[in-house]
Structure formats: C-alpha cells, structure tokens
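Every number here is computed from the coordinates shown, using simple stated rules; none is lab data. Keep in mind that this is a model prediction, so the values were computed, not measured. Cβ placement follows ideal geometry from the backbone for every residue including glycine, while neighbour counts extend to all protein chains displayed.
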Amino acid sequence: MSILDIDDVERLKRINDALINRVERAMDQQRNAFSLFQTAIALEGQVRQRTDELTSTLRNLEKTNAELARQKEISERADQSKTRFLAAASHDVLQPLHAAQLTMSALYDLQESERGRAMVMQVERSLDTMNELLHTLLDISRLDAGVMVPDHTAVPLVPVVESLLSDLRPIAEAKGLRLQTSITGDHVRSDRTMLRRALQNLISNAIRYTDRGGVLIGTRRRGNMVAIEVVDTGCGIPLDQRELIFDEFHRGPVAKGRASRDDDCALGLGLSIVRRLVTALGHDLSLTSEVGKGSRFRILAERCEPPSVGEIRPQAAQRPANDATLSGRRVLLLENDIEVTRAMSTLLDGWGCEHRIAASHAEAEEVLKEGFVPDLIIADQHLDHGDHGTQTVAALARRLRRRVPAILATADISEPVMRDAANLGAEFMAKPVKPAQLRALMAHMLAAAP
C-alpha cells in the first residue's frame, strides 16, 4: 500500500511523527557516539599529559634524592672531621696547659719569697680559669656535634652528690656558706658523668652568687620521676633574665657587678652547658626564682631500679685528702709529650720519687727488662705508635704478675676510656691535672698498696 493511497490525515500525521522520531533517535545515537569519541580522545590526551607530568616529577624527585644523598654524605664527612678535630683539640690543646700547671707547681716550691709565691699562685688561678673555659667550650662543641652521646644507666644519686660535696664544700665554707643535702636513695636513668657535670655547674653557680645563708641539694620523688634540686639563698634572677642566663657568655647586671667587685672570672658558660647536657640526657630543666631571696633549679629525671650485682660497673676508689711521703717510691711515667714529661720529671724529683719514663708500650717493656719495678704507674692514654695507656698498664701487670697501682691522667674523657680505666682498677684524672691532687692521690694509693 502506497502512502499516496492513504487519505486519513490523522494517520499520515502519526506515520510522519514516527518517522521523525526514528530519524531523531538515529541522529542522537550518532551524536552520542561522536561525543563519546571526542571524550575518549580528550581523556587520552589528559592521561598522556598527566603521565608526562608524573614522569617529570619522578625525574625531579630522583635528582632531589640524589642531591640529598650527596649533601648527607658531605654532612657526615664534616661531622667525622669535626669529631677528629675535637679529639685532637682535647689532647693537643690541653696537653700544654697540663704541662704549664705542673711546671707552675714545681716553680712554687722553688720560691723563697712571699711575693714570688703570690705571683705563681696568680698564674695558677689564670691557668685554672683557662682550663675550665677550654673544657666547657669543648663540651659545648661535642654536644653540638653529637659527639658526646649519653650512656644511660641506673645512676645512684647519693654517691654522685657526695663526690660533688667533697669538691665544692671547701669553696662554700670559705665564703661562710652552709652546703646541705637531703638526698633520697633513688637511682635515675641517666649518664653519670654528664649528670654530675650538670649538677656541678648548678652548685658552683649557686655558691658563686650566694653571699649569705647557703645552698641545699635535695631530691624528691614525683611519681615515676625524681626531681633533683639545687636551692640557694642568693641574689635571685629577675624575670627578664631567666631565659637569657642560659645563653653563651651572657652575664646579667648582678654578675657583671660581682665580677668587678670580687675579681670573678666566670664567663657565663656554666648554665649554657647545663641546658645542653640536660637536653642531651632527655631530662627536664626548670627554674623558679625571687629577687633578693634566691633561686631553685630543678632537673627532672626518670626514676629506675638499681642494677643487679652483675651489672654494677667497678668504680675507682674515692680520692682522699691525706698525704704521705713519696720519697724513694718508684714511679713509671707513660707519657709521650715532651713538655709534660719535663714538668712531671721536675715534680717527681721534687717529691723524692725515683722514676723512669716511657713513651710507648715497647719502651715500658724495656724499662722493666732493665730491672726497674714500679710501685706506681702514671699513664697518658694516647702514647707513641698508637699505643694506649690502659692496654700498656694491663700488659705490664701481666708481666709483673701482680696488680700495680695506676693513675690514668689523660685529656681523653670519653666514656670508653673512663670505663677501661675503671675495669682496670686505675684512678682516672682528667688533664690538666692539679699537682696537689695528684700528689695526694699517689700518696694514698701507695699507702693502701700491699
């Protein structure tokens, strides 16, 4: 049937509409297909662009990582160089100072006039100040370089404080101050040497800026922590100075006035090293103060159980103040620094000691082969040919088949060296050594020797 044979208008309209709808749907499908095609092309372009951007980013990241690795290597080499420099400085800078102090002590004994002795004592005080400054600067450098790393153990507070009191009580008594303690029998997780140095600086500072009353060193429990406090009745610290006092070389108005009045040579490094030490130990440091009434410094450390018997490290014997004659005693000096050797020889001669000198392990063996049997050995740690004082003393003891009293006098105050000295049963003295302390220690060790 042809469409021309249809005379029903309405029917023709419906057929027309159906045809139009079919055409429109076909066109829509074509448009949709084309749109999908365009979308796919656009997405492919975006994926390619993002892939290129990601590849570029990865290349840049690889370059950045390579640069960081290079910079890290440079930094590590710099740290190693700084470590070697500090080790050399500890030895090479302090050795001549040690020799100078020994020489001044010998020179004092030769003076016949009060004026001459007073001048020698003035030089000795200047050398002491230089010694304290150098040790503090080296400690600050070691801490900043990460060379001084804490060896955390269970540290008993009572012996640490008692050893500090034996050193600082004469200074406090000379000023008419009371030095009191209230110490619990607790142990704290800390590094014994670093904690002792921090407390020493706090107590010394308290004594320096206290004219009346005294200083109290106390401990008290705070849950699983222990508060170690140094309390004084001194001049107090103004509010605007309480952060500044921890800066290097900062001296407030009170400190400057005291320096001009009392000839105080403090350089404002004590509290700076305290903060560095406490931070390195992982402890908390706080301060409360009232002008005209005094100050309270508090170190908060973690409380811990004491070590078992097998974990206790041997400690060197306590150094007494008594003195006895050294005349006729045989002393072997293990030292490779010429100036120190000369100064020590002069001192030992003045004390009446018979002595021999060796700069290395082999030379020490030769001294024994010659028939010289020492009553006491004074050894530096770093000798000629890379020899170590602790190893040489141990070897000599094996050769003599008996333990020989020994003093390790060295500028190397690292924890391994101090541990080796303690394991050897030797007394440890950090250079520069004060001759009076050396003589008293020698006399005690010889008197106690079998």
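Sort 42-53, 182-193 by packing, meaning the average of other beta carbons within 10 Å per residue, with the highest value first. Don't skip to the end; give the middle numbers.
Details: 42-53: 10.0, 182-193: 18.9.
Highest-to-lowest ranking by the protection proxy: 182-193, 42-53.
Spelling out what I want: for every residue of the range 374-388, take phi, set θ = phi - 60°, compute 6.51 cos²θ - 1.76 cosθ + 1.60 (Karplus), and round to whole Hz; glycine and proline get x.
Karplus values, whole Hz, x for Gly and Pro: x, 7, 7, 10, 10, 10, 7, 7, 9, 10, 5, 6, x, 6, 10.
For the range 342-450, what does the equivalent ellipsoid look like in terms of its semi-axes, each the square root of 5 times an eigenvalue of the Cα gyration tensor, given largest first in whole Å?
18, 18, 15
Is the C-alpha gyration tensor of the range 202-243 telling us rounded, prolate or oblate? Criteria: a/c under 1.5 is rounded; beyond that, a/b larger than b/c is prolate, otherwise oblate. If you can, show how the numbers build up before the last one.
Values: a/c = 2.89, a/b = 1.53, b/c = 1.89.
Oblate, because a/c is 1.5 or more while a/b does not exceed b/c.
What net charge is computed for the residues neighbouring Ile203, neighbours being all others with C-beta under 14 Å from the C-beta of Ile203, Lys and Arg scored +1, Asp and Glu -1? If you can, show how the numbers build up before the last one.
Details: positive: Arg169, Lys175, Arg178, Arg196, Arg197, Arg208, Arg296, Arg298; negative: Glu162, Asp167, Glu173, Glu229, Asp232.
Charge balance near Ile203 sits at +3.
Suppose each label sits 7 Å from its Cα in the direction of the beta carbon; what would the Ala118-Asp211 distance come out to in nanometres?
Placing both labels 7 Å along Cα→Cβ, they lie 2.5 nm apart.
Distance in nm between label sites at Ser182 and Asn423, each 7 Å beyond Cα in the beta-carbon direction?
Label-label distance for Ser182 and Asn423, simple model: 4.2 nm.
Sticking with the crude label model, points 7 Å out along Cα→Cβ, report the distance from Leu244 to Leu300 in nm, one decimal please.
2.7
Can you list residues from other chains, or at least 5 along the same chain, whose modelled amide H is less than 5 Å from the amide H of Val188?
For Val188, whose amide H was placed from the backbone, the distant partners under 5 Å are Val155, Leu157, Cys304.
Please compute the length gained on full extension between Lys63 and Ala362, using 0.36 nm multiplied by the number of residues separating them and subtracting their Cα-Cα distance. Kindly include the intermediate steps, with their values, before the conclusion.
Values: separation 299, 0.36 × 299 = 107.64 nm, distance 5.41 nm.
Gain on stretching Lys63 to Ala362: 102.2 nm.
Pairs of alpha-carbon atoms within less than 8 angstrom and 6+ residues apart define the contacts here; what relative contact order does the range 329-423 have, in percent?
On the way: 128 pairs, mean separation 27.4, N = 95.
The value is 29 percent.
Pull out the extension gain between Arg342 and Ser163, defined as 0.36 nm times the separation in residues minus the alpha carbon to alpha carbon distance; nm, one decimal.
Numbers: separation 179, 0.36 × 179 = 64.44 nm, distance 3.17 nm.
Using 0.36 nm per residue and subtracting the Cα-Cα distance, I get 61.3 nm.
Explain nothing, just compute: Karplus ³J(HN,Hα) = 6.51 cos²θ - 1.76 cosθ + 1.60, θ = phi - 60°, for every residue of the range 54-68 in order, whole Hz, x for Gly and Pro.
With the stated coefficients, the range 54-68 comes to 5, 4, 5, 4, 5, 4, 4, 5, 4, 5, 5, 4, 5, 5, 4 Hz.
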